[in-house]
1. In the calculated pair distance distribution of the stretch 146-194, what percentage of Cα-Cα distances lie above 15 Å?
2. Could you compute the net charge surrounding E67? Neighbours are other residues with a C-beta less than 11 Å from the C-beta of E67; K and R count +1, D and E count -1.
3. At 37 °C and 0.692 mPa s, what whole-number value in µm²/s does Stokes-Einstein give for the translational diffusion of the stretch 41-194, with Rh from the Kirkwood sum over Cα pairs?
4. Which distance in nm do the two modelled labels at L189 and D37 give, with both placed 7 Å along the Cα-to-Cβ direction?
5. For the stretch 145-158, in order, what is each residue's ³J(HN,Hα) by Karplus, 6.51 cos²θ - 1.76 cosθ + 1.60 with θ = phi - 60°, in whole Hz (x at glycine and Pro)?
6. So what's the net charge close to D160: Lys and Arg +1, Asp and Glu -1, counting the other residues with Cβ under 13 Å from its Cβ?
7. Modelled label-to-label distance, F154 and R17, 7 Å Cα→beta-carbon offset: nm?
8. By how many nm would the segment from T61 to L95 lengthen if fully extended, with 0.36 nm per residue of separation less the alpha-carbon distance?
Amino acid sequence: MPYTAEKPPPPPSIEPRSTEQLRAEVPGWGVDLDPADRPSWPKERRDLTTGAHWHFPDRQTTHGFRERSIEHEMLTPVFGTSVPLRGLSGVIRRLAYARFSEGRAAHWLLLVAGDRVDAVESHLRSFATARPDNPLTQTGVRAEVTHHGVASRFGHGRVDVRHQWMDPILVAGPWLLAVALMVRAVRRLRRTGS
């Protein structure tokens with residue numbers, strides 16, 4: 001059921017019970033029924049004049065598909081457009097929004113996977129520019145040597161010492177794989193060109 005401003009009807013399987021029955025069955029039920037006992041009650045008043053001249057804000061125009069959780073009936077009136085979905089990462093993110101609720105782990109795992117795929121796509125796209133990514137300065141590898149990265153891990157009880165052995169694989173591995181793929185592609189082009 002999508003979220004709306006109106007209170008949803010109770011599920012049909014639950015029979016309505018009186019306030020007295022609920023107070024008898026559930027300890028503390030109805031403690032805030034009296035507005036005088038509710039500390040937030042003045043904020044809940046609807047009869048105050050705020051000066052607002054609209055009930056619902058003007059909607060931002062959409063250009064194509066916008067991701068929206070399946071819990072929500074409609075897209076919010078204002079939304080971000082700074083990073084439109086694109087490529088394989090966009091397909092993964094669209095799948096997360098179209099198929100899974102925000103309460104499901106699959107929704108969030110797909111969004112995390114989309115972020116990782118987007119990072120790889122961005123690295124690959126950088127090779128097509130005049131200034132590709134520099135793995136030595138942008139991944140912190142140089143700082144490990146110049147700012148005592150390895151020495152600072154020992155004798156201080158840091159937890160990351162346990163997985164320190166795999167950090168070079170995770171940081172440098174994708175770059176080495178990209179270089180290997182580029183070398184293979186260049187060799188294949190030279191063979192076909194000869």
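1. Details: 752 of 1176 pairs.
Across the stretch 146-194, Cα pairs with separations above 15 Å total 64 percent.
2. Numbers: positive: R66, R68, R93, R94; negative: none.
Value of the local net charge: +4.
3. On the way: Rh = 21.0 Å.
My calculation gives 157 µm²/s for D.
4. Going by the 7 Å Cα→Cβ label model, 7.7 nm.
5. Whole-Hz 3J(HN,Hα) from phi for the stretch 145-158: 8, 7, 10, 6, x, 6, 5, 6, 7, 9, x, 10, x, 6.
6. Details: positive: R153, R158, R162; negative: E144, D167.
With Lys, Arg at +1 and Asp, Glu at -1, the net is +1.
7. Using points 7 Å along Cα→Cβ, the separation is 6.5 nm.
8. On the way: separation 34, 0.36 × 34 = 12.24 nm, distance 2.28 nm.
This chain segment gains 10.0 nm when fully extended.
Only the coordinates and a few stated rules stand behind these numbers; no lab work does. Keep in mind that what you see is a predicted model, and the values were worked out from it rather than measured. Virtual Cβ from ideal backbone geometry, glycine too; neighbours counted across all protein chains shown.
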